[in-house]
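No lab work stands behind these numbers, since they all come straight from the coordinates. As the structure is a computational prediction, the values presented were derived from the model and not from experiment. Quick reminder, even Gly has a Cβ in these numbers, built from the backbone with ideal geometry, and neighbours come from all protein chains shown.
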Amino acid sequence: MIATPDRTPLPREFFDRPVLDVAPDLLGRILVRTTPDGPIAVRLTEVEAYDGPNDPGSHAYRGRTPRNDVMFGPPGHVYVYFTYGMWFCMNLVCGPEGRASAVLLRAGEVIEGAELARTRRLSARNDKELAKGPARLATALDVNRALDGTDACATGDTPLRIQTGTPVPSDLVRNGPRTGVAGEGGVHPWRFWIADDPTVSPYRAHVPRRRRS
């Protein structure tokens, strides 16, 4: 018999830790997106850690900018960025304020609101693909830059919240290089996922863009 996930919100203290502690501990937790059309809940199955000034792969590696400002704020807030001119991706800020570390939410299993997620992910061939990848996850949850800075630990109504869920045993957690990260940052084994989970996205190494002649 499968135990019912714990829907208690995670406290801010959960995120006020080193990013490499928070990232694998987010697996099995539940991300809830509340919209006027109804809620969608996703069980997180894949994440990546980004360690601010110590990490060439991080958006905050070269310091604070208007784009990454939220990363420098209090832990437990949502950092949303726009990429490739078409997709949004979401992160959860962690560590002490000013550290600028964050966890990219790469994939998850939709456990509530699948009907609504399907209307946003019409190209998904099945429900396992609804949130299989960071841009797909954000699309399924209707996440965009308007949600940048949202406090996922706030009490009361909030459009995004992280719940306790069911933590994953350490023997089921895998790690390896982050997807699509170039250079020195590409060697860090800071991608974490649940072993054999069908909603985990495939690994892809960085491929340099070709310059147009």
Q. Given that compact globular proteins tend to follow 2.2 N^0.38 Å, what is the ratio of the alpha-carbon Rg of the stretch 93-191 to that value?
A. 1.23
Q | Estimated distance in nm for a label pair at D37 and A154, the labels positioned 7 Å out from Cα along Cα-to-Cβ | A | 2.2
Q | Cβ-defined net charge surrounding R125, 13 Å radius [Lys, Arg +1; Asp, Glu -1] | A | +3
(Q) Suppose a student asked you for the relative contact order of the stretch 1-102, using Cα pairs under 8 Å spaced at least 6 residues apart; what percent would you report? (A) 26
Q. Over the Cα atoms of the stretch 139-209, what Rg and Dmax result, in angstrom?
A. 16.0, 45
Q) Build a GNM of the chain with springs between Cα atoms under 10 Å: which of E112, E184, E46 gets the top mean-square fluctuation? A) E184
Q | Chain lengthening between S123 and E97 when straightened (0.36 nm per residue, less Cα-Cα) | A | 5.5 nm
Q) With contacts defined as alpha carbon pairs under 8 Å and 6 or more residues apart, what's the relative contact order of the chain in percent? A) 26
Q: Compute the semi-axes of the equivalent ellipsoid of the stretch 40-91, taking the square root of 5 times each eigenvalue of the Cα gyration tensor, and list them largest first in whole Å.
A: 20, 14, 12
Q. Can you give the extra length, in nm with one decimal, that the chain gains between D21 and N54 once fully stretched, where that is 0.36 nm per residue apart less the Cα-Cα distance?
A. 10.3 nm
Q. What spacing in nm lies between the two simple spin-label points modelled at Y84 and D171, each 7 Å away from Cα in the Cβ direction?
A. 3.7
(Q) Suppose we keep just the alpha-carbon trace of the stretch 88-134; what are its Rg and Dmax in angstrom? (A) 13.9, 41
Q. Calculated from DSSP H runs of 4 or more alone, at -39500 (n - 2.57) each and per residue, what is the 222 nm mean residue ellipticity of the chain, nearest 500?
A. -2500 deg cm²/dmol
Q: Just need log10 I(q)/I(0) for the chain at q = 0.09 Å⁻¹, Debye formula, equal scatterers on the alpha-carbon atoms, no solvent, rounded to two decimals.
A: -0.32
**Q.** Environment charge at W193 (Cβ cut-off 9 Å; Lys +1, Arg +1, Asp -1, Glu -1)
**A.** +1
